[in-house]
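Undergrad: One structure is given below, represented as structure tokens, and several questions about it will come after.
The values are calculated or read from the model by the stated rules, or taken from the named source; none is laboratory data. Keep in mind that what you see is a predicted model, and the values were worked out from it rather than measured. Ideal geometry is used to build each Cβ from the backbone, glycine not excepted, and the neighbour counts take in all protein chains shown. All accessible areas refer to the heavy atoms of the entire protein, side chains included, with ligands and DNA or RNA removed. Shrake-Rupley method; radii C 1.70, N 1.55, O 1.52, S 1.80 Å.
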Amino acid sequence: MIRSLRIVPFVALLAVVGGGCAPQDEGIELQLFTATYDTAPEAPPPEGWQRVSFEGNLRSRPVAVLVSDEPLLTGWNIVALRVAEETDGSRAISIRLNAYGQQKMKAYGADEARLKAPLALRIDERWADVSPLLSTVTDRMTLYGLTAKEAERLEQWIEVR
């Protein structure tokens with residue numbers, strides 16, 4: 001009788017602990033890439049670049065660009081964010097960058113010609129925005145073109161990572 005009483009609390013403890021190990025939402029992948037306008041669509045893209053057709057959004061017109069294979073920033077460079085709804089229902093996020101992200105953006109913006117070049121924002125596998133930076137970045141910047149669900153997932157991911 002005593003043995004069965006000891007097993008029940010142990011099994012209950014396993015159920016509670018096991019329930020805490022359920023798979024969590026996978027998070028979200030946010031990447032910001034350098035890009036350039038595609039002036040020779042008939043030619044293959046240079047090595048290290050890929051051709052992207054962007055459909056356009058509230059702020060950006062449809063455009064074909066060449067996008068670097070290596071991201072300039074990722075979601076890991078974001079330490080805080082604030083979400084705002086745009087007039088078309090999309091979301092803009094004002095982000096604060098970590099020191100590494102600040103350093104990358106400072107180096108990127110050191111060449112003023114780059115401020116007019118487009119940056120391409122990819123959320124998971126979707127190209128969310130292609131637009132120029134236009135001004136230098138210190139520790140904050142705004143990204144556009146997220147859906148409400150993507151912005152919510154990003155907020156949750158930032159909180160728990």
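Undergrad: Once ligands and nucleic acids are excluded and a 1.4 Å probe is used, how much of I158 is accessible, expressed in Å² to the nearest 10?
TA: About 30 Å², rounded to the nearest 10.
Undergrad: Are there any GluC sites (Glu not before Pro) in region 42-143 that are in a DSSP loop and have at most 11 other Cβ atoms within 10 Å? List them by number.
TA: On the way: sites: E42, E47, E55, E85, E86, E112, E125; in loops: E42, E47, E55, E86, E125.
Sparse-neighbourhood loop GluC sites (Glu not before Pro): E42, E47, E55, E125.
Undergrad: Compute the orientation-averaged projected area for region 12-161 from the convex hull of its Cα atoms and round it to one decimal in nm².
TA: It is 11.2 nm².
Undergrad: For region 67-161, with the dipole built from +1 on Lys and Arg beta-carbon atoms and -1 on Asp and Glu ones, taken about the Cα centre, which of T74, T138, V160 lies farthest toward the positive end?
TA: Projecting each Cα onto the dipole axis, the largest value belongs to T138.
Undergrad: So how exposed is T36, as accessible area in Å² (1.4 Å probe, rounded to 10)?
TA: Roll a 1.4 Å probe over it and T36 shows about 60 Å².
Undergrad: Excluding A35 itself, calculate the net charge of residues whose Cβ lies under 13 Å from the Cβ of A35, where each Lys or Arg counts +1 and each Asp or Glu counts -1.
TA: On the way: positive: R51, R114, K116, R122; negative: D38, D69, E70, D129.
Net local charge, A35 excluded: 0.
Undergrad: Ranked from the most accessible area to the least, with a 1.4 Å probe and all protein chains present, what is the order of V160, V65, V83?
TA: Putting V160, V65, V83 in descending order of accessible area: V160, V83, V65.
Undergrad: At a 1.4 Å probe, what is the % contribution of carbon and sulfur to the accessible area of region 20-161? Write out the running numbers ahead of the final one.
TA: On the way: 4100 of 8430 Å².
Ligands and nucleic acids excluded, carbon and sulfur reach 49 percent.
Undergrad: If I ignore ligands, DNA and RNA and count only protein heavy atoms, how much of Y37 is accessible to a 1.4 Å probe, in Å² to the nearest 10?
TA: 90 Å²
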